[in-house]
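Here is the structure we will look at.
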Amino acid sequence: MIELERTFLVKRLPERLLDCKFTEITDLFIPKESIHPVIRIRKNGDVFEMTKKSPVNLNDISRQKEQTIILSEKEYNTLMKLEGKKFRKMRYYYKYDGKTAHIDIYHDDLEGLAVADFEFGTEEEKKSFEIPDFCLVEVTQEKFIAGGMLCGKSYSDIEDELKKFGYEKVFL
(Lines give C-alpha, C1' and ligand atoms only; values in the text may rest on other atoms or scores of the structure.)
Protein backbone atom coordinates (compact mmCIF):
# COMPACT_ATOMS: atom_id res chain seq x y z
CA MET A 1 0.00 0.00 0.00
CA ILE A 2 1.23 3.52 -0.81
CA GLU A 3 0.48 6.07 1.88
CA LEU A 4 0.00 9.73 0.86
CA GLU A 5 0.15 12.05 3.83
CA ARG A 6 1.05 15.50 5.10
CA THR A 7 2.25 16.24 8.62
CA PHE A 8 1.92 19.52 10.51
CA LEU A 9 3.15 20.83 13.85
CA VAL A 10 0.17 21.76 16.02
CA LYS A 11 0.20 25.33 17.37
CA ARG A 12 -2.93 24.89 19.50
CA LEU A 13 -5.32 22.07 20.16
CA PRO A 14 -8.46 22.43 18.01
CA GLU A 15 -11.82 23.07 19.64
CA ARG A 16 -13.62 20.02 21.00
CA LEU A 17 -10.60 17.75 20.50
CA LEU A 18 -11.25 16.09 23.84
CA ASP A 19 -14.74 15.12 22.61
CA CYS A 20 -13.20 13.06 19.80
CA LYS A 21 -12.54 9.35 19.71
CA PHE A 22 -8.97 8.61 20.77
CA THR A 23 -6.63 5.72 21.40
CA GLU A 24 -3.35 5.21 23.21
CA ILE A 25 -0.53 4.08 20.95
CA THR A 26 2.72 2.46 22.04
CA ASP A 27 5.39 2.04 19.38
CA LEU A 28 8.63 0.07 19.45
CA PHE A 29 11.00 0.66 16.54
CA ILE A 30 13.69 -1.88 15.66
CA PRO A 31 16.55 -2.41 15.29
CA LYS A 32 17.72 -0.30 18.20
CA GLU A 33 21.10 0.36 16.58
CA SER A 34 19.54 2.01 13.52
CA ILE A 35 19.53 5.81 13.27
CA HIS A 36 16.13 5.61 11.58
CA PRO A 37 14.53 2.22 12.18
CA VAL A 38 11.74 1.42 9.73
CA ILE A 39 10.19 -1.62 11.45
CA ARG A 40 7.52 -0.70 13.98
CA ILE A 41 5.78 -2.91 16.53
CA ARG A 42 2.57 -1.13 17.57
CA LYS A 43 -0.23 -1.43 20.08
CA ASN A 44 -3.08 0.82 18.98
CA GLY A 45 -5.83 0.32 21.55
CA ASP A 46 -6.65 -3.38 21.20
CA VAL A 47 -4.96 -3.77 17.80
CA PHE A 48 -1.45 -5.20 17.55
CA GLU A 49 0.64 -4.96 14.39
CA MET A 50 4.07 -4.89 12.85
CA THR A 51 4.70 -2.40 10.03
CA LYS A 52 7.61 -1.68 7.75
CA LYS A 53 7.64 1.70 6.00
CA SER A 54 9.97 2.82 3.27
CA PRO A 55 9.85 5.90 1.05
CA VAL A 56 8.79 5.37 -2.54
CA ASN A 57 11.16 8.21 -3.49
CA LEU A 58 14.02 9.35 -1.22
CA ASN A 59 13.33 12.98 -2.22
CA ASP A 60 9.66 12.80 -1.14
CA ILE A 61 9.07 11.10 2.19
CA SER A 62 5.35 11.94 2.07
CA ARG A 63 4.86 8.87 -0.18
CA GLN A 64 5.55 5.74 1.83
CA LYS A 65 5.28 2.08 0.92
CA GLU A 66 3.71 0.43 3.94
CA GLN A 67 3.56 -3.29 4.71
CA THR A 68 1.59 -4.32 7.80
CA ILE A 69 1.09 -7.66 9.54
CA ILE A 70 -1.63 -8.03 12.18
CA LEU A 71 -0.31 -9.67 15.35
CA SER A 72 -1.93 -11.53 18.20
CA GLU A 73 -1.47 -10.07 21.67
CA LYS A 74 0.90 -12.93 22.50
CA GLU A 75 3.01 -12.20 19.39
CA TYR A 76 3.02 -8.49 20.25
CA ASN A 77 4.13 -9.17 23.84
CA THR A 78 6.93 -11.42 22.60
CA LEU A 79 8.17 -8.84 20.07
CA MET A 80 8.02 -6.04 22.68
CA LYS A 81 10.80 -7.86 24.55
CA LEU A 82 13.19 -6.96 21.72
CA GLU A 83 15.62 -4.14 22.28
CA GLY A 84 14.38 -1.10 20.43
CA LYS A 85 13.36 2.52 20.71
CA LYS A 86 9.93 3.39 22.14
CA PHE A 87 7.47 6.19 22.54
CA ARG A 88 3.88 6.58 23.66
CA LYS A 89 1.21 8.96 22.42
CA MET A 90 -2.51 9.60 22.44
CA ARG A 91 -4.06 9.77 18.97
CA TYR A 92 -7.23 11.80 18.55
CA TYR A 93 -9.40 11.33 15.45
CA TYR A 94 -10.48 14.88 14.64
CA LYS A 95 -12.92 15.69 11.81
CA TYR A 96 -11.69 18.59 9.72
CA ASP A 97 -12.77 19.77 6.27
CA GLY A 98 -14.20 16.39 5.28
CA LYS A 99 -11.12 14.49 6.46
CA THR A 100 -10.09 12.81 9.70
CA ALA A 101 -6.90 14.24 11.15
CA HIS A 102 -4.74 12.05 13.36
CA ILE A 103 -3.68 14.44 16.09
CA ASP A 104 -0.90 12.86 18.11
CA ILE A 105 -0.13 14.18 21.59
CA TYR A 106 3.15 12.65 22.76
CA HIS A 107 3.82 11.61 26.35
CA ASP A 108 6.74 10.74 28.59
CA ASP A 109 10.07 11.97 27.17
CA LEU A 110 8.40 13.70 24.19
CA GLU A 111 5.73 15.50 26.23
CA GLY A 112 4.90 18.88 24.68
CA LEU A 113 5.06 17.62 21.09
CA ALA A 114 1.81 17.54 19.10
CA VAL A 115 1.49 16.81 15.39
CA ALA A 116 -1.41 16.42 12.97
CA ASP A 117 -1.34 13.93 10.10
CA PHE A 118 -3.73 13.94 7.16
CA GLU A 119 -3.94 11.07 4.67
CA PHE A 120 -5.10 11.49 1.09
CA GLY A 121 -6.47 9.29 -1.65
CA THR A 122 -4.80 11.13 -4.55
CA GLU A 123 -1.82 13.38 -5.22
CA GLU A 124 -4.19 16.15 -6.36
CA GLU A 125 -6.12 16.00 -3.10
CA LYS A 126 -2.87 16.11 -1.14
CA LYS A 127 -1.52 19.11 -3.07
CA SER A 128 -4.72 21.15 -2.83
CA PHE A 129 -5.17 20.69 0.95
CA GLU A 130 -4.65 23.93 2.88
CA ILE A 131 -2.96 24.03 6.28
CA PRO A 132 -5.54 24.08 9.10
CA ASP A 133 -5.64 27.15 11.34
CA PHE A 134 -4.75 25.08 14.42
CA CYS A 135 -1.47 24.05 12.78
CA LEU A 136 1.76 26.02 12.72
CA VAL A 137 3.68 24.68 9.74
CA GLU A 138 3.99 21.64 7.50
CA VAL A 139 6.85 19.30 8.44
CA THR A 140 6.12 16.38 6.11
CA GLN A 141 9.60 16.49 4.56
CA GLU A 142 11.42 17.03 7.88
CA LYS A 143 13.15 13.77 8.74
CA PHE A 144 13.49 14.57 12.47
CA ILE A 145 9.71 14.33 12.94
CA ALA A 146 9.28 10.85 11.39
CA GLY A 147 8.30 8.18 13.92
CA GLY A 148 11.46 6.19 13.28
CA MET A 149 13.54 9.28 14.05
CA LEU A 150 11.49 10.38 17.10
CA CYS A 151 11.63 7.00 18.81
CA GLY A 152 14.02 6.85 21.73
CA LYS A 153 14.39 10.63 21.85
CA SER A 154 13.32 13.26 24.34
CA TYR A 155 11.77 16.65 23.68
CA SER A 156 15.09 18.31 24.46
CA ASP A 157 16.73 16.19 21.71
CA ILE A 158 14.50 17.77 19.06
CA GLU A 159 13.91 21.17 20.66
CA ASP A 160 16.40 23.03 18.45
CA GLU A 161 14.71 21.65 15.30
CA LEU A 162 11.29 22.66 16.62
CA LYS A 163 12.50 26.18 17.51
CA LYS A 164 13.42 26.74 13.86
CA PHE A 165 9.68 26.68 13.15
CA GLY A 166 8.73 28.83 16.17
CA TYR A 167 7.11 25.82 17.83
CA GLU A 168 5.99 26.09 21.45
CA LYS A 169 5.02 23.10 23.56
CA VAL A 170 1.40 21.97 23.41
CA PHE A 171 -0.29 20.19 26.33
CA LEU A 172 -3.73 18.67 26.87
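The values are calculated or read from the model by the stated rules, or taken from the named source; none is laboratory data. Bear in mind that the values here come from a model prediction, so they are computed numbers and not experimental data. Don't worry about glycine lacking a Cβ; one is built from the backbone with ideal geometry, like all the others, and counts go over all protein chains shown.
Residues in the stretch 98-112 that are under 22 Å from Lys85 (Cα atoms) and hydroxyl-bearing (Ser, Thr, Tyr): Tyr106 alone.
Being in contact (Cβ under 8 Å) with a residue 60 or more places away in the chain and assigned to a strand (DSSP E or B) narrows it down to one of Lys53, Lys32, so name that one.
On the way: Lys32 fails: assigned to a strand (DSSP E or B).
Every option except Lys53 fails the conditions.
Can you pull out the residues in the stretch 126-172 that are outside any loop (DSSP other than H, G, I, E, B), of a type in the set (Val, Ile, Thr) and closer than 15 Å to Ala116 by Cβ?
From the stretch 126-172, those outside any loop (DSSP other than H, G, I, E, B) are 126-128, 135-138, 143-145, 147-150, 155-163; that's our starting set.
Subset that is of a type in the set (Val, Ile, Thr): 137, 145, 158.
Those that are outside any loop (DSSP other than H, G, I, E, B), of a type in the set (Val, Ile, Thr) and closer than 15 Å to Ala116 by Cβ: Val137, Ile145.
Yes or no, residue by residue, for (1) aliphatic (A, V, I, L, M); (2) outside any loop (DSSP other than H, G, I, E, B); (3) touching a Cys at 6+ places or on another chain (Cβ under 9 Å):
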position	(1), (2), (3)
Asp27	no, yes, yes
Glu66	no, yes, no
Ile70	yes, yes, no
Asp104	no, yes, no
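The residues listed here are Lys81, Lys169, Lys143; of these, the one that is modelled with pLDDT of 95 or more and within 24 Å of Ser34 (Cβ to Cβ) is Lys81. Would you point out which residue out of Tyr155, Tyr93, Tyr76, Tyr167 is among the aromatic types (Phe, Trp, Tyr), touching a residue at least 40 places away in the same chain (Cβ under 8 Å), crowded, with 18+ Cβ neighbours inside 10 Å and out of contact with any Asp or Glu (no Cβ under 6 Å at 6 or more places or on another chain)? After applying the criteria, what remains is Tyr167.
Taken over the stretch 108-135, residues that are crowded, with 16+ Cβ neighbours inside 10 Å and under 16 Å from the mean Cα position of the chain (by Cα) amount to 12. Just one residue in the set Phe120, Phe165 is of a type in the set (Phe, Trp, Tyr), under 24 Å from Lys52 (Cβ atoms) and out of contact with any Pro (no Cβ under 9 Å at 6 or more places or on another chain); that residue is Phe120.
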